[in-house]
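Since the structure comes first, as structure tokens, the remarks are kept for the end.
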Amino acid sequence: MLLNFINNLYRNFILSSYILFLLFFNCCFANDKNNVLFLNNNVVFEKSEFFLNIDTYDNLRFLNNSSFPIIEMKFEKSIRYYFYTSNIVDFSAYSGKPIELLIGLNIEGVIEDISLIKHSEPILLAGISLFELYDAVNFYKNKNIMNLSFSEIDIITGATVTSCILDETVVISSKKVAMDLGIISNELLFKKKISNKYEVLSWDELIKCGAIGHYESFFKDEDGIDNHFIDLYYTNIMPVSIGKNLFFHEEYDRLFENLDNDCSYILLMNNGSWSFKGSAFSRGGIYDRFILSQKNNDIRFRYSDYVNVNVYKLNETVPFFKESGLFIVKKNDFNLSESWNLILLLFSEIDNIKKYNTFSVEYKLPSKFIENDSSKYVQKWIDDIYNVILYFILWFFVIFIFIFKKYFSNNYNKLSNIKFFIYFISVFYFGFICCAQPSFVNLFALLDQNISLFLLSPLLFIGWMMIFITLIFWGRSFFCGWICPFGAFQELFFKVRIFFFKNKYKFEFSDKIHSFFKLFRYYIFVFLLLVFFLYSSEIAEFLSEIEPFKTVWNIGILNRKEYEFVIYSVILLFVSIFIYRFFCRYICPLGAFLSLLSKFSLIKIKRRNTCKICRVCFNHCESRAIGVNNGQINSFDCLACFSCINKMYDNKVCPPLVSNKIWIKYEKIKDV
């Protein structure tokens, strides 16, 4: 009776504390945050209306003929167009809300000004320094929007998704505005980016894959022998895998150091008797023997466009040519990723009459040298392909153990060694190196239906996919007990104490206190959800720092500047030396969420009727998931150590197997 009274009093105390917390948050955060003002270059913008009082400024005006709210600002030597990204695109970031920017674009498509107005990213609200986000934003300053590529963006360490959405917000909004203003055409808007990935290729391999085009024609001499009239090789050396296989790496870099950002090179090499330069060519003149043509856009080259190849060292695999030359083309006027034609102008003179003949040879850059349109997602998975494979191997290996858990449990020492190896991989590779730690914060993104964002974080996507799959069969014990990096980290700390001190200095709460404390994680789980739904995701994400995952994995205990989070994380790890998985059993809101879903898992650990009176498994269960009175396994608390399976089939430990009389009396086996 007294115990029930204390239990009810305790529960009422917790609930009343939540009400006080909610009232406190209501007082602190009840103000409307939607009217965010930002001052930049004496221009005031309002988030909801893109407000501007232009009466005070003579050099500002709205562009009424534009499809978007854009302001034109005139300077002495230039014109800049300002726009608010949230008025152009609406890309939800990791938090479920957009990253809001103010961008100033000039008439050449260069971002001359860019400022961060507002963000709601959880990993930046508490953890990574805000200056890192500022640096990522400033990366785009003075960049031409047509030259930006996903593979070149400034990835914020520990915030890959945020970096990708930032890039998408800047590039897509800027290109839409540029197209609306006529700075770039629809065709240039979707110009594909040339890849900057390097692959070693020989001269023959470059020709075979089409990276180097070849055209030849013959004539018969007086003796009837075929001789090369034209033996021409041509290519675009912009792709790194082409240019750096033709020139030495240092020479290739030196070539582009002396070149403007909006230019590239076409390389011509010839061994025939015909010359693409022409014997009559003079300094300051025009090359009149060939033209570059693309969709009715013809380019003639002048002497100023010519670069002597002999000044730069070619790779030793490149054959010798009688003549060669590099010719500069502007990328904004010429789409190097699309096919183009090299038109050869040949003429003959008969009876003092010059007659021109033209031959057109086509060149199309192979697709392997062009970035894929979906590179933002695909490239991330390609870059992480080895980690993805290893992560799948880890999950399927543990699935194999769970399927044959009875076999593995027969030799518990061997199983313990396997678990130690899995924990070690989970902590030091997928924890410290890959930061593949599913978090309660991820649920907020799922609640906002931002599932596509997980595609930018392959290991996180795989982790959640496998969590929900294994949750159906084995409940939360699969992930929490075997895969979770922080849970494994606590387990390793606990094992270190056992290794040095055996069972000394181990501490456990009494059954009554334990039954109280293990409800904390459910209260924390409900509280965070209430804050998320009733107040804001920013506050909920900040309070989710009760998980130490960001401090331990994403940022690092030694790198985090907010000492309070460091102290908290260190205390949790220190306590886990003496109390088995303290954070998992009493605090973790993610564990609470998965525990609730574990109620519906399909596969249960088999128990005997004798388990109601036997305490052998109960005494060996570190997670205290076995009921003291009924011997049943509580799926809410079980971490799948398989100690109970080992004991239940041990004929030296399990009472029914030790005594035949007990076996006859309790021979039935049932699921509980």
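Each value in this text was obtained by applying a stated rule to the coordinates, not by laboratory testing. These numbers come from a predicted model, not from an experiment. Don't worry about glycine lacking a Cβ; one is built from the backbone with ideal geometry, like all the others, and counts go over all protein chains shown.
Taking the number of other C-beta atoms within 10 Å as the exposure measure, put 313, 176 in order starting with the fewest.
313, 176
Taking the alpha-carbon centroid of each part, what is the distance from the stretch 615-635 to the stretch 390-459 in angstrom?
Rounded to whole Å, the Cα centres lie 25 Å apart.
For the stretch 475-526, take the convex hull of the Cα atoms, compute a quarter of its surface area, and give me that in nm², please.
Seen from a random direction, the Cα hull of the stretch 475-526 projects 4.9 nm² on average.
Past 30 Å, Cα to Cα: identify those pairs from 419/604; 97/141; 504/604; 175/197; 175/295; 74/295, in the order given.
Correct reply: 504/604; 74/295.
Can you tell me the Rg and the Dmax, both Å, for the Cα atoms in the stretch 592-654?
11.7, 38
Mean 1/r over all different Cα pairs, inverted: what Kirkwood radius does the stretch 522-599 give, in Å?
After inverting the mean inverse Cα-Cα distance, the result is 13.6 Å.
Seen from all sides and averaged, what is the projected area of the convex hull of the Cα atoms in the stretch 384-596, in nm²?
Mean shadow area of the hull around the Cα atoms is 13.0 nm².
May I have the extent of the alpha carbons of the stretch 508-659 along their three principal axes, as whole Å values ordered from largest to smallest?
Answer, in whole Å and largest first: 61, 34, 27 Å.
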